[in-house]
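Presented below is the structure to which this report refers.
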Amino acid sequence: MKNMYQLHNIRMSYNGTPVLKGVSLRVGKGAMLSFVGPNGAGKSTILKLMAGLIKPDSGKILFSGKDIAHLPSKELARKVGYLPQVNQPVFPYNCFDYVMIGRTPFLKGLMLGGDSDREIVRKAMEETDCIRFSDKDINKISVGERQCVFIARALAAEPDVLLLDEPAAALDLEHSVSLYRLLARLMDRKGITIVVVSHHLNITSQFADRIVMLDDGEIVADGAPEKVLNEDLLVKVYGSSFQLITNPEMKRPIIVPRK
Amino acid sequence: MFNTPFSRKRKLFFLIIIFLSYCRSPYTILKAENPGKTIKDIQGFALTAGNYKRIVTLSPNMTEICFALGLKNRLVGVSVSSDYVGIKNVERIDGWNINYETILLLKPDLVLTTSAGNPPQVIERLRELGLNVFHTEQAGLDGIFETIEKIGMLTKTSGKAYAVVASMKNELELLKKTLPTRKPKPRVLYLLWTNPPMAPGGDTFLSEMITFAGGQNIFESSNVRIVKPSIEKIIELDPEVIFLPQGVNFSDFDERWTVISAVKTRSVFHVNEDFVLRPGINTIKGIGELAGRIRSRGKKDKG
Amino acid sequence: MTPKGIIKPAALIILALATLSILSLCIGTVFIPPDKVAAAIAGKITGLETEFSTLLISIRLPRLLTALFVGAALAGAGSIFQGLIRNPLGDPYLIGVSSGAALGMISAQSLSLAGTIAGLPLAAIVGGTAAVIVVYLLSKSGGKVHTTRLILAGIVVSSFLSASAMFILSRSDSTTVQGITFWMMGDMGNNSISEILVLAPLLFIVIAVVFLLSGKINVIMLGDDLAAQMGIPVESIKISSLIAASLLTGLAVAAAGVIGFIGLIVPNLARYIWGSDFRLNFILSTLAGALLLLIADMIVRVVSPVSEIPVGVITALIGAPFFINLLIKARD
């Protein structure tokens, strides 16, 4: 199956306010797609729909050719790793045990996990470079380190797709870049399809293969960042004047404000 | 045969014999009532009348009744608040926060309880433990008399019991004679507590006692057991006599009370709470004290 | 988190429980050495009763069992509430369960519906569950239960139910009132063996069910969306857990009246010592709760043999400073 996801004419409202007004798109395998756009554009909603957390008011979502509405959530969970916006546990929690939670779709009973599960968790933590936190309390490590543990958790299900809702929101520059580098690595090495929702248009543009810009519940741009981002679009969507310059090394556009 | 003069004497003789055979002396009456007879307590449980030798009372009025019936030496345990009668060397048991082990170890053959003195779950539990529990209620004077008589029958001290009851009834009659017949009866406030003020409502024994004592409970018309009136209400009803709980002095009151008649005429009294608040053998004495105080109330405003 | 990680601490607590249980049968108004205790209990079965047989079978043994069951039930309920609302201040009383259970029992008592052995416990469970349902409905919005709303709803419902209970008490005759007022502070000595044997199986079943669900509840504790996306039926498990917690509290209140702070202290202590994984926290809380209440009850019996202090006083004396400490820590 070439397409991981096919979204057909998705409409969604919250409390009578329309959030998605007929969105259609296909997500191919093994690339990084980034949803961008102003607040309230519907980005998180699309991700939740793709994760199977909510159902659209109308329209169809196909995952690997199957209608998501008829797919048992456990089955979807074995293929799709989802990282919500807010994650931090209230109580102290051991990092290794936390990543083991990611194995939930495969575990039974008390969900303690066997040796093979522990091996998978170890690998996931190594991939995300947080294995050294195995015995630490997740609330006692730094924000950037914690984000790696969260991603390890999503990876522990050995998914084909990773859906991440603003994964770099709380991170500083260095950690944001590290995170995207990690995502790129996962994509290259393991062929995982990455879908992120991002607020930081600039950072995400450096790494994503494809930008889908949403404004007021509709797709207003879809394609490679250097092809899709232009000044007129930015004015229309964000309302201020910007100009674009090009990242000399990675050849991707960077947005800077005009005076 | 029965019509000759001799036969008429015989007839009379037979008739007298037959009549006498129906007439028994009080002693034989009592004897006939008690042979292995069962007495029912207020919950309907029946105990056999007998010479109980290890009695436990869980309420002070029960202790006093036992003393009055001459059962002092058969008590192995009494309630902690049994203070009126002099008791030594007897185990004390709290009738509310009860220690079941203590009671069980005393191996009582009879446990006397009351509804005012012991909570229902305690009664139930004691029965569950296999003890002979005799439960009574003293709602009113008739209830008191009945309790004394029943315990008398139960412990084979009916003679004493009837004597005690008779003496109480006598005392009550004498008391009634001393009561003024003039109406209206003086208004009485009996304060069970002062912080907040609490007084008995109409449907209580205490209210009845006040009536027997020649007074009128100002909250007689209330159908709540315990009334918690505001000071304004008390002032409005303006009692002529106030009874205070033990330990509270009139000096503890503030000036709002000074407009009340009872205060103006200095008719604020204490009574022996053991007599007045314990439905038992001293209840008539209690009514007597109430009556005496009511009668002695000041009539004039003493400033 | 391995099976050993659960079994080791559990075994430790069970050992302590066994030791203290034997001790609790020995102490009281008379000290009965363990061998005589065994003889007395065995005697009841073999027919060779000793002087202490009734004392042990009818008083000390039911009391021991009551302490164990009520402690386990309250701590278990506290663990569930804290896990569900993700707050260390979660407590059966906060959610209004105990007030509901108490009101249920007081109403049944006033209306004289408490006929059979099962009457009052049933009334307590019904009252507690009704309170939980009302609190749940009040705190639901958009198909989900929100933590803050749950706490607020719990406080509101709890206050209302307590006020209703007080109203009924003020209107009833003094014997019922005085009986209930004492029980409201915790009465451990009120059960016979047969009453315990009626309530115990239900307790075990509920604890077993929650333990089996504890893996799923653990994931929910880490995040609703997280759990939902991984295929866990979040709403139905939350509801089941709430009902289980209210059942546990209802049983505890029916057995021994209102005892506070066990549901608050024990799960927090367990979390402090063994971590916050719900699988561990729940089962160890139930065991530790049994232990704590047993100790509190032994203190009560030793310290106040004549006029027994209600055990709720001891738990409050330990619990209040503990609670204040938690509040202070939460501010950081």
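Selection of the stretch C:1-18 for residues being in contact (Cβ under 8 Å) with a residue 40 or more places away in the chain and away from every other protein chain (no Cβ under 14 Å) yields C:PRO9, C:ILE13, C:ILE14, C:ALA16, C:LEU17.
For the stretch C:200-211, filtered to residues that are more than 14 Å from every other protein chain (Cβ to nearest Cβ) and over 14 Å from the mean Cα position of the chain (by Cα), the residue that is surrounded by the most Cβ atoms within 10 Å (Cβ to Cβ) is C:ILE205.
Across the stretch B:195-210, the number of residues qualifying as among the hydroxyl-bearing types (Ser, Thr, Tyr) and modelled with pLDDT under 90 comes to 1.
In the stretch B:69-102, the residue that is farthest from the other protein chains (Cβ to nearest Cβ) out of those that are part of a helix (DSSP H, G or I) and in contact with a Lys or Arg (Cβ under 7 Å, 6 or more places away or on another chain) is B:ARG74. Among the criteria (1) in contact with a Ser or Thr (Cβ under 8 Å, 6 or more places away or on another chain); (2) within 9 Å of chain A (Cβ to nearest Cβ); (3) part of a helix (DSSP H, G or I), the one C:ILE232 does not fulfil is (3).
Rundown of residues vs (1) within 14 Å of another protein chain (Cβ to nearest Cβ); (2) assigned to a helix (DSSP H, G or I); (3) surrounded by fewer than 23 Cβ atoms within 10 Å (Cβ to Cβ); (4) of a type in the set (A, V, I, L, M, F, W, C), yes/no style:
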| site | (1), (2), (3), (4) |
| --- | --- |
| C:LEU213 | yes, yes, yes, yes |
| C:ILE217 | yes, yes, no, yes |
| C:ILE220 | yes, yes, no, yes |
| C:ILE237 | yes, yes, yes, yes |
| C:SER240 | no, yes, yes, no |
| C:SER246 | no, yes, no, no |
| C:GLY250 | no, yes, no, no |
| C:ARG271 | yes, yes, yes, no |
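On the basis of being in contact with a Ser or Thr (Cβ under 9 Å, 6 or more places away or on another chain) and within 25 Å of B:ARG182 (Cβ to Cβ), does B:SER261 make the cut? For B:SER261, the condition - in contact with a Ser or Thr (Cβ under 9 Å, 6 or more places away or on another chain) and within 25 Å of B:ARG182 (Cβ to Cβ) - is met. Within the stretch A:15-45, if we keep just the residues that are within 14 Å of chain C (Cβ to nearest Cβ) and within 16 Å of the chain's Cα centre (by Cα), the residue that is nearest to A:LEU83 (Cα to Cα) turns out to be A:SER44. Among the residues making up the stretch A:91-146, those that are in contact with a Pro (Cβ under 9 Å, 6 or more places away or on another chain), among the aliphatic types (A, V, I, L, M) and farther than 23 Å from A:HIS175 by Cα are A:LEU110, A:LEU112. Residues of the stretch B:247-279 that are under 25 Å from the mean Cα position of the chain (by Cα) and at positive phi: B:GLY247 alone.
Evaluating C:VAL303 against the criteria (1) within 14 Å of another protein chain (Cβ to nearest Cβ); (2) touching a residue at least 60 places away in the same chain (Cβ under 8 Å) leaves one unmet condition, (2).
Residue-wise test of (1) modelled with pLDDT under 80; (2) within 12 Å of chain B (Cβ to nearest Cβ); (3) surrounded by fewer than 15 Cβ atoms within 10 Å (Cβ to Cβ).
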site	(1), (2), (3)
C:VAL145	yes, no, no
C:VAL157	no, no, no
C:SER162	no, no, no
C:ILE168	no, no, no
C:GLY179	yes, yes, no
C:PHE182	yes, yes, no
C:MET185	yes, yes, no
C:MET188	no, yes, no
C:SER192	yes, yes, no
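Out of everything in the stretch B:233-272 that is acidic (Asp, Glu) and modelled with pLDDT of 90 or more, what residue ends up being surrounded by the fewest Cβ atoms within 10 Å (Cβ to Cβ)? Among them, the one singled out is B:GLU236.
Only one of these is under 21 Å from B:ARG266 (Cβ atoms) and aromatic (Phe, Trp, Tyr): B:TYR162, B:TYR190. Name it. Only one candidate qualifies: B:TYR190.
Checking each residue in the stretch B:174-207 for being hydrophobic (A, V, I, L, M, F, W, C), closer than 22 Å to B:LEU141 by Cβ and in a loop (DSSP other than H, G, I, E, B) picks out B:LEU179, B:LEU192. The criterion of being aliphatic (A, V, I, L, M) and either free of Cβ contacts under 8 Å to residues at least 12 places away in the same chain or closer than 30 Å to B:LEU58 by Cα (or both) holds for B:ILE210. Annotation: B:GLY130 fulfils all but one of (1) within 23 Å of B:GLY201 (Cβ to Cβ); (2) within 13 Å of chain C (Cβ to nearest Cβ); the unmet one is (1). Considering the stretch C:275-300, the residues that are small (Gly, Ala, Ser) and under 15 Å from C:LEU64 (Cβ atoms) include one that is farthest from the other protein chains (Cβ to nearest Cβ), namely C:ALA290. Out of C:SER21, C:SER99, C:SER58, C:SER79, one residue alone is within 13 Å of chain B (Cβ to nearest Cβ) and part of a helix (DSSP H, G or I). It is C:SER58. Regarding the stretch B:187-205, can at least one residue be identified that is closer than 30 Å to B:ASN170 by Cα, among the charged types (D, E, K, R) and out of contact with any His (no Cβ under 8 Å at 6 or more places or on another chain)? For the stretch B:187-205, residues closer than 30 Å to B:ASN170 by Cα, among the charged types (D, E, K, R) and out of contact with any His (no Cβ under 8 Å at 6 or more places or on another chain): present. Within the stretch A:93-138, restricting attention to residues that are touching a strand residue (DSSP E or B) at 6+ places or on another chain (Cβ under 8 Å) and in a helix (DSSP H, G or I), the residue that is surrounded by the most Cβ atoms within 10 Å (Cβ to Cβ) is A:CYS95.
Considering the stretch A:46-100, and only residues there that are hydroxyl-bearing (Ser, Thr, Tyr) and without any contact (Cβ under 8 Å) to a residue 60 or more places away in the chain, the residue that is farthest from the other protein chains (Cβ to nearest Cβ) turns out to be A:SER58.
Scanning the stretch C:306-326 for residues that are away from chain B (no Cβ under 14 Å) and either touching a residue at least 12 places away in the same chain (Cβ under 8 Å) or at positive phi (or both), we see that the one that is surrounded by the fewest Cβ atoms within 10 Å (Cβ to Cβ) is C:ALA320. The set of residues in the stretch B:103-137 that are in a helix (DSSP H, G or I) and in contact with a Ser or Thr (Cβ under 7 Å, 6 or more places away or on another chain) comprises B:LEU104, B:LEU105, B:PRO120, B:ILE123, B:GLU128.
Somewhere in the stretch A:224-233, is a residue free of Cβ contacts under 8 Å to residues at least 12 places away in the same chain and farther than 15 Å from A:ALA31 by Cβ? There is at least one residue in the stretch A:224-233 that is free of Cβ contacts under 8 Å to residues at least 12 places away in the same chain and farther than 15 Å from A:ALA31 by Cβ. Of all residues in the stretch B:208-224, those satisfying the criterion of being surrounded by fewer than 22 Cβ atoms within 10 Å (Cβ to Cβ) and part of a loop (DSSP other than H, G, I, E, B) are B:GLU220, B:SER221, B:SER222, B:ASN223, B:VAL224.
The values are calculated or read from the model by the stated rules, or taken from the named source; none is laboratory data. Values in this document were obtained by computation on a predicted structure and should not be read as measured data. Here the Cβ is made from the backbone with ideal geometry for all residues, glycine too, and neighbour counts use every protein chain on show.
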